[in-house]
Amino acid sequence: MISVVIRNKNQDKALTFLLKNLTERYQSDISEIIVIDNLSTDRSEEITKQFGARFVSIKNFSYGGSANFAAKEAKNDIVVIFSAHSYPVSHDFFKLIIEKFKERKDLAGLRCLHSPNDYRNFINKVSSETDPNRSGLIFSGSAFNRKVWEKYPFNEGVATFEDKEWSKRVIKEGYKIEFVESIFSYEINRTKSQKFFRFKSDVVGNYQLWHQDLSLSNAFNGLIIGSFKLIKNFVVDFWYIVKRFVFSIKFVFNKPEKFD
């Protein structure tokens, strides 16, 4: 059986849909659902309990820390992590995961499919050894082996990409991470504040894991290019607002023939 762990913060509407989806379509494949919540102020706890899931709060959030916390809370050897704004789609989502783990004893984790990149790498058989970033785990729609995690916990020192760092580490130890044909959806509309938080984490994580450095020239180029794109997008958007207005005026005075 499978433990499903959901990382959540103030996503009660998305969480409602995810829990409804899990409990109505996949009940026979899941033995527990745990919501790891980062001090939400909305109805997340109430909704979690409505669907019979377990609600656990975590105060000091970090990506690696929350992943370790999730693994500690789970009771099964196969753990599937979702963000509240993601959800499984294919009817055999969890069954395929279970089959894969039964087939291979050296399997540390499975990456499910949710994007064109996932599908291309899956079809082209791009391994996690070759591309741990885009073929390794992604902790929204991935499964990992809890027994492997007990030997190699997630790194709480990385700002983000804890899933990729773990992928690289366990692969070096001889374990495998593969794609599985389990399809899920990932949809989120981040606020400006959330995008900035993600930007900061990505800058630090890219430096820590992929050694992508940031220089003063990079920072200034980002400012100049970002400003140029902002002005360009404003001009283009305003131009099409005017075009729509002109078309609407023409339409008012020159309407086409109606058909029954």
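The values are calculated or read from the model by the stated rules, or taken from the named source; none is laboratory data. Bear in mind that the values here come from a model prediction, so they are computed numbers and not experimental data. Backbone-built Cβ (ideal geometry, glycine too); neighbour counts: all protein chains shown. Please note that ligands, DNA and RNA were not included when accessible areas were found on the heavy atoms of the full protein model with its side chains. Shrake-Rupley method; radii C 1.70, N 1.55, O 1.52, S 1.80 Å.
What to note about this one:
- The residue that is modelled with the highest pLDDT, counting only those in the range 65-79 that are aliphatic (A, V, I, L, M) and within 16 Å of the chain's Cα centre (by Cα), is VAL79.
- Condition check for SER3: small (Gly, Ala, Ser), more than 15 Å from PRO88 (Cα to Cα) and either in contact with a helix residue (DSSP H, G or I) (Cβ under 8 Å, 6 or more places away or on another chain) or open to solvent by less than 80 Å² (accessible area, probe 1.4 Å) (or both): no
- Elements of type helices (runs of 4 or more DSSP H) in the range 160-260, at least 2 residues being over 30 Å from ILE98 (Cβ atoms): 192-210, 216-253
- Between GLU178, GLU187, GLU173, the distinction of being over 21 Å from LYS75 (Cα atoms) and surrounded by 14 or more Cβ atoms within 10 Å (Cβ to Cβ) belongs to GLU178 only.
Rundown of residues vs (1) aromatic (Phe, Trp, Tyr); (2) out of contact with any Asp or Glu (no Cβ under 9 Å at 6 or more places or on another chain), yes/no style:
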position	(1), (2)
ILE188	no, yes
LYS192	no, yes
GLY205	no, no
PHE253	yes, yes
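- Odd one out for SER215 among (1) at pLDDT below 95; (2) hydroxyl-bearing (Ser, Thr, Tyr); (3) farther than 24 Å from TRP166 by Cβ; (4) open to solvent by 90 Å² or more (accessible area, probe 1.4 Å): (4)
- The lone criterion from (1) more than 16 Å from the chain's Cα centre (by Cα); (2) open to solvent by 50 Å² or more (accessible area, probe 1.4 Å) left unmet by LYS9 is number (1).
- If you go through the range 12-53 and pick out every residue that is free of Cβ contacts under 8 Å to residues at least 60 places away in the same chain, open to solvent by 10 Å² or more (accessible area, probe 1.4 Å) and either within 21 Å of ILE78 (Cβ to Cβ) or not basic (Lys, Arg) (or both), you end up with 20.
- Checking each residue in the range 106-133 for being within 14 Å of ILE171 (Cα to Cα) and either open to solvent by 90 Å² or more (accessible area, probe 1.4 Å) or in a helix (DSSP H, G or I) (or both) picks out THR130, PRO132, ASN133.
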